[in-house]
2 protein chains.
Amino acid sequence: MKIGLDIMGGDYAPKAAILGAIEAHKALTADQKIVLIGDKETAVAILQENNFSPDHFEFVHTTEVISMGEHPTKAIVQKPDSSISVGFKMLKDGDIDAFSSAGNTGAMLVGSMFSVKTIPGVIRPAMTTIVPKLKGGLGILLDVGANADCKPDVLLQFGVLGSLLAESVYGISNPRVALMNIGEEEEKGNLLSLATYPLMRDAKLFNFVGNVEGRDLFTDNNDVVVCDGFTGNVILKLAESFYVITLKKQLKDEFFDRFNYEQYGGSPILGVNAPVVVGHGISSPEAIKNMVLLCKNMIETNLVDKIKQAFQ
Amino acid sequence: MKIGLDIMGGDYAPKAAILGAIEAHKALTADQKIVLIGDKETAVAILQENNFSPDHFEFVHTTEVISMGEHPTKAIVQKPDSSISVGFKMLKDGDIDAFSSAGNTGAMLVGSMFSVKTIPGVIRPAMTTIVPKLKGGLGILLDVGANADCKPDVLLQFGVLGSLLAESVYGISNPRVALMNIGEEEEKGNLLSLATYPLMRDAKLFNFVGNVEGRDLFTDNNDVVVCDGFTGNVILKLAESFYVITLKKQLKDEFFDRFNYEQYGGSPILGVNAPVVVGHGISSPEAIKNMVLLCKNMIETNLVDKIKQAFQ
């Protein structure tokens, strides 16, 4: 198994990425290799500073970097020797089994779709986030920004993608999939949710438990919450801001601790032909470590194959 | 000045409404009267239990009640002697200067539009909520559920409505109006926000400060946040759930204290030809008191006239 890691992506790259790779390496077996993609010389220097042998890793040297603010499509095309472009080429060619980066989210999304491509039958790939539950454990919210506008059949597919992720990677048995809405009743909602509800109910593709509201995000009446990427992105950033507020105010609580993105490693891009994980821009070494381990988990649980089967 | 109060609306009606009316009365001058609309006999009994003379109020007896779960349009039509239907008839006839209820929100919205009607030029009335700001003070979010689907010109108008409310009722000078979006840049968003941004920027109807994200709701870079009613309702309920979590966990903080809806009294329905306020279903006497005082404030600041002028 080879896990590709973009060491140039993220606000604290390359240092946080390298330190994270060291920690991840310690949790891997001998046949599980991390491939560091980026500026090799810098990487080796950081490893030596930390008395960690570069021999533990494979290196693929790249000369360009896609920065956080760049236009995704243009950057991918104009910077063929960027760590993200090279990473996706390797993923496409089978030189690595998964690719992860805390860099430009849009470039990761576009790169996925340009290189390994969307799984046949999947209309739009989605990005997910982890939601801590008040009673313990976690749930999944998708889409959180890959698709600002969605059609009902796209939301239906997100239910399938989220359900498979929850079951395979997070070990949630028969995940309860809910539709984010503005009322519990079937007849409540906007045009999108009104059209999506009967599709989800009748398709019987997953364990659909009906509508939930904003107040249900952290409750135990669902495992997977589906919404369009606009709504999901607003929810994600609002919830993150609450976490940041509790940190600033030094309000300690086990529930708030579980908002810490570092534990979860990043957001899988679901619906493309290989495991891809995008980390938070501010990823720390701990977050990078968990991003690599999430890749490993996605490979080991054959999530991509399961999604392919579901859409055959 | 006569402020109509539906004493049958809300989970703790009529008792909470009557107790709230007593408190509100204490804050009013002799020429500011509260008109209690609902079951007079019960109201008088509660007042006597609390050693408060019924002479302080005017009464309009009604025999029907629209409950929380009823279909708004059907209920308004089928229950002409309900407190909500009678309240709106009085508002239309000029027998009261404002109408407030902690009852069925949909019925309040439908009642507004059927009776006093939408202000000419306003495409859709909106419902607002108060947002506490981290640095102190408050902001406004609209729409929070009156319009699940919105067109760009409707959002543009919400900017006008929210700006006038912020300036008139909440004393915010030259309110900064922002568009809720999934990125700060003009080119970010869904079809709705992409089309709304240039309208807001070019129309120069208010102090437009551009896009904000979910994480900006409580920050000081805006005073009024505009979004469609689906997004706003999800935000409102998610934010409320955080407040409830801090209460349950007994996390004391001045910022969280300011989430307490009781202080704000309820949501004005903006864009109809008279002041209308809808309270939270769980309204306490304190909340009812502040709902009545919000009505008073809306009357005194001539908010409705200002909105009429803006849409002339």
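Observations
- Of the criteria (1) touching a helix residue (DSSP H, G or I) at 6+ places or on another chain (Cβ under 7 Å); (2) at pLDDT 95 or above, which one B:Glu300 fails: (1)
- Of the strands (runs of 3 or more DSSP E) lying entirely inside segment B:96-158, those containing at least 2 residues that are touching a helix residue (DSSP H, G or I) at 6+ places or on another chain (Cβ under 7 Å) and assigned by TED's automatic domain parsing to the domain that holds B:Ser173 are B:126-132, B:138-142.
- Residues of segment A:1-46 that are basic (Lys, Arg) and in a helix (DSSP H, G or I): A:Lys15, A:Lys26, A:Lys40.
- Among residues of segment A:29-41 that are assigned by TED's automatic domain parsing to the domain that holds A:Ala16 and closer than 15 Å to A:Asp97 by Cα, those with a beta-carbon under 8 Å from a residue that is acidic (Asp, Glu) and surrounded by fewer than 21 Cβ atoms within 10 Å (Cβ to Cβ) at least six positions away or on a different chain give the pairs A:Lys33/A:Glu58; A:Ile34/A:Glu58; A:Val35/A:Glu58; A:Val35/A:Asp95; A:Leu36/A:Glu58.
- Residue list for segment B:56-90, filter: among the aromatic types (Phe, Trp, Tyr) and outside any helix (DSSP H, G or I): B:Phe57, B:Phe59
- Looking across segment A:226-249 at every residue that is more than 9 Å from chain B (Cβ to nearest Cβ) and under 30 Å from B:Lys252 (Cβ atoms), the one that is surrounded by the most Cβ atoms within 10 Å (Cβ to Cβ) is identified as A:Tyr243.
- Condition met for B:Glu254 (buried (at least 19 other Cβ atoms within 10 Å of the Cβ), over 27 Å from B:Lys306 (Cβ atoms) and either not hydrophobic (A, V, I, L, M, F, W, C) or not assigned by TED's automatic domain parsing to the domain that holds B:Glu23 (or both)): no
- B:Asn174 vs. criteria at pLDDT 95 or above and within 13 Å of another protein chain (Cβ to nearest Cβ): no
- Among residues of segment A:250-284 being within 14 Å of another protein chain (Cβ to nearest Cβ) and of a type in the set (A, V, I, L, M), the one that is farthest from B:Leu251 (Cα to Cα) is A:Ile282.
- Unique match (being under 21 Å from A:Gly214 (Cα atoms), among the small types (Gly, Ala, Ser) and either in contact (Cβ under 8 Å) with a residue 60 or more places away in the chain or more than 9 Å from chain A (Cβ to nearest Cβ) (or both)) among B:Ala203, B:Ala195, B:Ala148: B:Ala148
- Scan of segment B:294-312 for residues that are surrounded by 19 or more Cβ atoms within 10 Å (Cβ to Cβ) and charged (D, E, K, R), ordered by number: B:Lys296
- Checking B:Asp305 against (1) free of Cβ contacts under 8 Å to residues at least 40 places away in the same chain; (2) under 30 Å from A:Thr246 (Cα atoms); (3) of a type outside the set (Phe, Trp, Tyr), the condition it does not meet: (2)
The values are calculated or read from the model by the stated rules, or taken from the named source; none is laboratory data. Just so it is clear, the model here is predicted, and its values are computed rather than measured. We place every Cβ from the backbone using ideal geometry, glycine too, and count neighbours over all the protein chains shown.
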